[in-house]
Amino acid sequence: MARLLSINLVHSICLENQPMKTLGPRFVLALVGLATCLAAARLAAADLEIGKDPDTGWGLMTVKQGDMAVRIVPQAGCNVESIRFKGTELLKTPKSLKDLPGFMYGVPVLYPMPNRVRDGAFTFDGRKFTFPPNNNGNFLHGLVHSVAWQGGDINLGNVGSLTYLCPFEPGNEPFKSFPFPHLLKLEIQVANHSVRWIYTVDNSKGDKPVPYGFALHPWFLYQGSRRDTFVTIPATHLMAAEKLLPTGKLLDLAGQADFDARQPRSLEGFVRDDVYYGMTPEQPALIDFRAARLKITLSTSAEFTHLVLYTPKDEGWFCVENQTCSTDAHNLFARGLKKESHLQVVEPGQTGSGWVEYKFESY
């Protein structure tokens, strides 16, 4: 049974799958008593429920604040597996959590290469890196969506904040394919009516530049009909593509009526799997479920210049994916297409960071 707890020690216990009973009843009672006192002392603060999935034994971290309830599964790629707004589920969720690792449910984290890598390989700084093909000969969606992340800080003020760590270091799975020693940190903030992801790529101890892209891949459920679901993508360009891989050519959206969603566009008949370029913080993407009278604004920091819109036919879900770079960014960068790829590079001794926020509004 989930308990309302608010201390880092209990967080660590949950992530390590250590049974509470091994800690001794007096110790457990002390922890619960401390958590109860802390909870009572907070006024209008976020609540944290820590539980365990009975099938997998994984920790379930549910942050509640106002109209929001957000569930995070650190051991399945730090996936925000569920977002409930005013009691309504907004994400495609698995029937069993054992199916969550990967990129088909919730909000997977895509790093260090969002979307497809052509032929599962790229070259950077004279070194070639290869990845096992998992999408028609290409490699799809990065290296961190299925690994267990480490627990970090917990802060429960008016905004509930949980921090998780994914190290790239010798001996672990991500490092085997992407051998750049560094640390990916992700802070997830839950406020009333919003969720924010803040990433940091820490190369302060590395001796080589780290080339990366970061993205989120939300699986939004339709709220009402597809006809009454509208998206606004205020990009400037479409990336020309062949077999879902950008060629590097940017096409002005003013001449691309079949792709243009700069003004609100119904998803009825709008079937897309495309990369948009030229997103800015001043003009965020917007989802409008008009039948449900619900809007979702997808705001970002300036790093997120690209966006993938995936709206397949005859499905109950769609994806609006904010990205710091293009699909196949490493290979475009290697061709000299720095603007088009927008590949992020963190030099030794430095850090890089950015954020994405989903804001929910009833009207």
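No lab work stands behind these numbers, since they all come straight from the coordinates. Note that the structure is predicted; figures quoted are calculated from it, not measured. As a convention, Cβ positions derive from the backbone with ideal geometry for all residues, glycine included, and neighbour counts pool all protein chains shown.
A few points about this structure:
- Pairwise Cα distances in segment 237-300 exceed 17 Å in 50 percent of cases.
- From phi via Karplus (6.51, -1.76, 1.60), per-residue ³J(HN,Hα) for segment 138-149 in Hz, x at Gly/Pro: 9, 10, 10, 6, x, 10, 10, 6, 10, 8, 7, 8
- Amide H contacts under 5 Å for residue 60, placed H, 5+ residues apart: 51, 52, 53
- Rg/Rh, computed from the Cα trace of segment 282-344 with Rh as the Kirkwood radius, has the value 1.09.
- Three principal axis lengths of the chain [C-alpha, angstrom, descending]: 68, 52, 34
- Overall dimensions of segment 171-290 by Cα: Rg and Dmax, Å: 18.3, 52
- Applying 1/(1 + (r/R0)^6) with r as the Cβ-Cβ distance of residue 127 and residue 89 and R0 = 51 angstrom yields a FRET efficiency of 0.70.
- For segment 42-362, a crude dipole built from +1 on the beta carbon of Lys and Arg and -1 on the beta carbon of Asp and Glu, taken about the Cα centre, is about 140 debye to the nearest 20.
- At R0 = 51 Å, FRET efficiency that the Cβ-Cβ distance of residue 363 and residue 55 yields, to 0.05: 0.85
- The chain: angle of helix 25-41 to the longest principal axis, Cα-based, in degrees nearest 10: 70 degrees
- Nearest-0.05 FRET efficiency for residue 266 and residue 172, computed from C-beta distance (R0 30 Å): 0.10
- Ellipticity estimate at 222 nm from DSSP helix runs (n ≥ 4, -39,500 (n - 2.57)) divided over the chain, nearest 500: -3000 deg cm²/dmol
- For segment 180-229, convex hull of alpha carbons as volume per residue, Å³: 102 Å³
- Averaging Cα coordinates gives a centre for segment 99-134 and one for segment 190-207; these two points are 20 Å apart.
- Counted charge near residue 181, where neighbours are those whose Cβ lies closer than 15 Å (Asp, Glu -1; Lys, Arg +1): -1
- Remark: segment 239-251, residue by residue, has Karplus-estimated 3J(HN,Hα) of 8, 4, 9, 10, 6, 6, 10, x, 7, x, 8, 9, 10 Hz, where x stands for each Gly or Pro and the curve is 6.51 cos²θ - 1.76 cosθ + 1.60 at θ = phi - 60°.
- For segment 329-339, 3J(HN,Hα) per residue [Karplus equation, 6.51 cos²θ - 1.76 cosθ + 1.60, θ = phi - 60°, Hz, x = Gly/Pro]: 5, 5, 6, 5, 4, 5, 7, x, 8, 5, 5
- Residues whose amide H falls under 5 Å from that of residue 147, counting only those 5 or more places apart or on a different chain, are 77, with hydrogens built in the peptide plane.
- Electrostatic bookkeeping for residue 108 treats Lys and Arg as +1 and Asp and Glu as -1; over the other residues with beta carbon under 10 Å from its beta carbon, the sum is -2.
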